[in-house]
């Protein structure tokens, strides 16, 4: 059981010549969240179980060196400019063809190797419950057009909610799709498999993928498939079913199309319950989709907090987002930010517990 946040001095280090630090948020109920401005990563999240005992529910490391040397490079990180994949790292916009850095086979993933997960953000902590990170992404970074100004606010409320509020503006049309890549285990970061977690996703449809995890363009019904989480079921219930889609992802690594009457409205996307601890997480978002990843590529090679190896399917990710490869899919909601518009996205993670 991890019931202390990592030491701040373990995160005081220069990365690419810029000072990284660790910041702590705490509310009146004793919930604590630690965030580093290196990649905007959620490092630690201490949340109570049904007996009032606190434990860390996110996977990560006790020092910045752990993140710099990890095989899994996205633990807890802010993702941008574009969360998820872009086919062959290519897209066309306003008559121009763009080639992005490729870092997932032939595809572009999570903003490229120099994406937002791998930069040190400017940070200002306004009070015990409010951290503001900002970053200026220059034109041409990882191949993207336009200069992009980004602000991300982490707000921990006294209702045990973490609000992540994203805004961005540009001087040239560019794709933008921001999210957070926290790896969760509601039983505690060292509690083992996530297969017993009960998951509900507010989605009647999902976007099937090809063998490289690029969407085919189809919007497919989840009915009578392993992707039906419209009624809560354990994450492991259907994960080993014989299914081409599950084979492609080696489990779940798919975008779900959220049931929304009004795009941009804050609605519930998912609910996760871990029966042993009694912890429940509800995720609300303004985004049209959410990516569910079931920890399929974790193999124990990363040794995390207090020497714990992070093994196969011992964490899950639920990433509110626009759909993968949207710049190349005309039938998907647009991810193009224009110079006369402001990008805004809000996601809320609400924790509770019951006996």
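Derivation of every value follows stated rules applied to the coordinates shown; laboratory data play no part. Just so it is clear, the model here is predicted, and its values are computed rather than measured. Note that we place each Cβ from the backbone using ideal geometry, even for glycine, and neighbour counts take in every protein chain shown.
Taking the Cβ-Cβ separation of residue 265 and residue 334 as r and a Förster radius of 22 Å, what is the calculated FRET efficiency to the nearest 0.05?
Given R0 = 22 Å and the Cβ-Cβ separation, E is 0.80.
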Practice item. Take the Cα atoms of segment 8-353, build their convex hull, and give its volume per residue in Å³. Key: 125 Å³
Check your understanding: At what distance in nm do the modelled label points of residue 250 and residue 230 sit from each other, each positioned 7 Å from its Cα along Cα→Cβ?
Key -> 3.2 nm
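Could you tell me whether segment 289-355 comes out rounded, prolate or oblate from its Cα gyration tensor? Rule is a ≥ b ≥ c as square roots of the eigenvalues, rounded for a/c under 1.5, then prolate if a/b exceeds b/c, otherwise oblate.
Note, shape of segment 289-355 comes out prolate.
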Revision key, fill the gap. Expected unfolding gain across residue 157-residue 101 under the 0.36 nm per residue rule, minus the alpha-carbon gap, is 16.4 nm
Exercise for review: With label points built 7 Å along Cα→Cβ from the Cα atoms of residue 7 and residue 26, find their separation and express it in nm.
Suggested key: 1.8 nm
Review point. In the Gaussian network model of the chain, springs joining C-alpha atoms below 10 Å, which of 292, 136, 316 carries the largest mean-square fluctuation?
Key: 136
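Kirkwood hydrodynamic radius, segment 261-318, all distinct C-alpha pairs: what's the number in Å? Don't jump to the answer; show the numbers that get you there.
Details: mean 1/r = 0.0733 Å⁻¹.
About 13.6 Å for segment 261-318.
Quick check on the chain: helices-only [θ] at 222 nm, where DSSP H runs of length 4 and up contribute -39,500 (n - 2.57) each and the sum goes over total residues. Nearest 500, please. Present the calculation step by step, with values, prior to reporting the outcome.
On the way: 2 runs with 12 residues, N = 355.
Counting only the DSSP helices, I get -1000 deg cm²/dmol.
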Practice item. For the chain, set up a Gaussian network in which alpha carbons nearer than 10 Å are linked by springs, and say which option among 124, 161, 282 fluctuates the most. Key: 124
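Which order do 199, 68, 186 fall in if you start with the one that has the fewest other Cβ atoms within 10 Å? Present the calculation step by step, with values, prior to reporting the outcome.
Numbers: 199 21, 68 14, 186 29.
Ranked by crowding around the Cβ, least crowded first: 68, 199, 186.
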Revision key, fill the gap. Rounded to whole angstrom, the alpha-carbon centroid of segment 263-291 lies from that of segment 1-75 at a distance of 22 Å
Practice item. Round to a whole angstrom and tell me the spacing of the C-alpha centers of segment 134-191 and segment 324-355. Key: 10 Å
Check your understanding: Comparing 206, 98, 293, which has the greatest mean-square fluctuation in the GNM of the chain with Cα pairs linked when under 10 Å apart?
Key -> 98
